[in-house]
Amino acid sequence: MTFSALGIRRRFVSSTPKTAPKLSVVLDSNASSRSIEMFRFKRNGEFHKENMRVKDLLRKTNLHARDLLPLEGEGLGRSASIQPREESIVVGVSHVRSIITTEEMFLFYPNSFAVQHFAQELSASLKEVNDMEELEKPHFELMALEGVLSNVADKYTRRISCFGPMIAGLLDELRGPEYKLGLTNDGNIGSSIATRILPLRNTLSSYERSSEGLMRSLERLMNDDADMAMMMLSERKRNPETDGGLDISKHEPIELILEAYYHRVEECVQSAFGLRKNIEATQELLNIALDDNRNRLIQTNVHMAILTVGLAFSTMVYGLFGMNLVSGLEEHPYMFNLVGAGAGTTGICVYIGVLRFMTGQTFSFHISDQRTRRKNRFSNTMRRQDAIKHIRSLLPTRKSSVPPFGDGAGLADINEALLCYLEDKGGAKAQLNHAGMLQILELTSKKTHTVEDVQIIFDAFDNNDDGLLDYDDVVNFVASQYESR
């Protein structure tokens, strides 16, 4: 359905010099011959595909041509829009583009698979309600609007549920030691990460923007009592207001519907935001690893350049004594050894002197110790992540229909118990032994744990190896949980 299909065009209406030009949307001369393909729903749940002229649609729904503009376009790129009008509600949310009245609903894009699936669900729901007593039946516009919001919310939840485990597995793979060391099959770690992460991140951002648009639209409606009262089409038709006034005290049913789906969509937004932040955190971690590799290459290059300077001085001395000129030292019994050792020692001194000058007199001969510490930092990080995953495997699974998945609530209980314990024992000066940690694990998980489980935690987070977890160790334990997700 395009602008040409709707027979709609925009033009500036000519105005007098004292009046600013106004943008209006009008039907062109061929509008009466143009038609829109749609599903047409009845109150009893029956629906059929129909081609209706734009002019007839506007007349039947008492809408202006400009009211159809939010229905233009498909997919996630369109902004969510729910607009109450005098005798209808114009809904443009995700894949659903429809006009709802007190008796009918016009659902556009009938050839779309998502729209067909929604039509079947809505038809089944309306048929179930149709068997109820007349006084117990909710208003048709409320059932149709709730059906739209429910279908769209289910779509967002399914997408996040699909991406959650896939992203978690991919991030665990990207955090593996082979990626940190650059040991990929193609030898190009940057290209490998970008081609796998970027599509997922872009898709998540798209769903996040779409769900945020729907959330903002619902929030605007909930903040406007007049709009909510105007959406009660059947109520207003049954009890018409005088002087154009709206009884805002009768919009509680629509307010409850909007509020319920606002919170549901908000959960999807938060889940998508959390997944996207996990991707960004992993990318930052990988960038740090790549920067470390790059810095080591640069450092190696600098050392080789300085070593070349020292070798150049030694080579110059060797070249001078290698000329076929008589120096009077040819018969000296130890001169060859003295010149060779002296030139080599001088070259080494030049190398050390230039290096000390470049590093501000802070260079020491503990290069191997620095490399060992660097490797230890990475191994400690991996060991901490393995310890967190082991703790997660020990906790009882808490199923939830809404992402994020896993047992974050159990870890949150452990964190709260640990911090409360340390505060009761003296705050920053408090320490936790094996028995205390075992007691906290059993108290929060309601399960029996072994000393080996506790020892894994202490091996990963006890920095000074004194058999006690101090306040800093506990903070590292809490922070590592977000690092290992």
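Length gained on full extension, ALA412 to ALA168, computed as 0.36 nm times the residue gap minus the Cα-Cα distance: 85.9 nm. One decimal place: the segment ASP424-GLU219 gains 69.5 nm when fully extended, by the rule 0.36 nm per residue minus the C-alpha distance. Sorting ASP466, ASP225, ASP453 by the number of Cβ atoms found within 10 Å of their own Cβ, with the fewest placed first, yields ASP466, ASP225, ASP453.
Peptides 389-395, 44-50 ranked from most to least packed, by the mean per-residue count of other Cβ atoms within 10 Å: 389-395, 44-50.
The simple spin-label model puts a point 7 Å past each Cα toward its Cβ; for ALA226 and LEU443 those points are separated by 5.7 nm. Amide H contacts of ARG97 (H built 1.01 Å from N, in plane; Pro and chain starts excluded): PHE108 sit under 5 Å, all sequence-distant by 5 or more or on other chains. Our coupling estimate for the stretch 59-71, obtained by passing each phi through the Karplus curve with A = 6.51, B = -1.76, C = 1.60 and θ = phi - 60°, is 5, 5, 9, 6, 10, 8, 4, 5, 5, 7, 4, x, 8 Hz, Gly and Pro reported as x.
Separation of the stretch 198-236 and the stretch 426-457, taken as the distance between their Cα centroids, equals 46 angstrom. Per-residue 3J(HN,Hα) values for the stretch 411-428, derived from phi via the Karplus relation 6.51 cos²θ - 1.76 cosθ + 1.60 with θ = phi - 60°, read 5, 4, 5, 5, 4, 5, 5, 4, 5, 5, 4, 5, 5, 5, 9, x, x, 5 Hz in sequence order (x marks Gly and Pro). Each label point was placed 7 Å from the Cα along the Cα-to-Cβ direction; for GLU46 and MET304 their separation is 8.3 nm. Under 15 Å from the 7 Å Cα→Cβ point of ASN111, by amide nitrogen: which residues of the stretch 35-66? Residues 35-39, 49-52 qualify, since their backbone N sits under 15 Å from the label point. Take the Cα of ASP472, step 7 Å toward its Cβ, do the same at GLU121, and the gap between the two points is 5.3 nm.
Could you sort out which of LYS49/LYS155; LYS137/LYS237; LYS277/LYS447 sit more than 28 Å apart by Cα distance in this structure?
Too far apart for the 28 Å limit: LYS277/LYS447.
Annotation for the stretch 89-110 versus the stretch 43-74: alpha-carbon center distance of 8 Å.
Taken together, the values in this text are just the output of simple stated rules run on the coordinates, not laboratory data. Since this is a predicted model, take the numbers as computed values, not measurements. Using ideal geometry, Cβ is built from the backbone for each residue, glycine included, and neighbour counts are taken over all protein chains shown.
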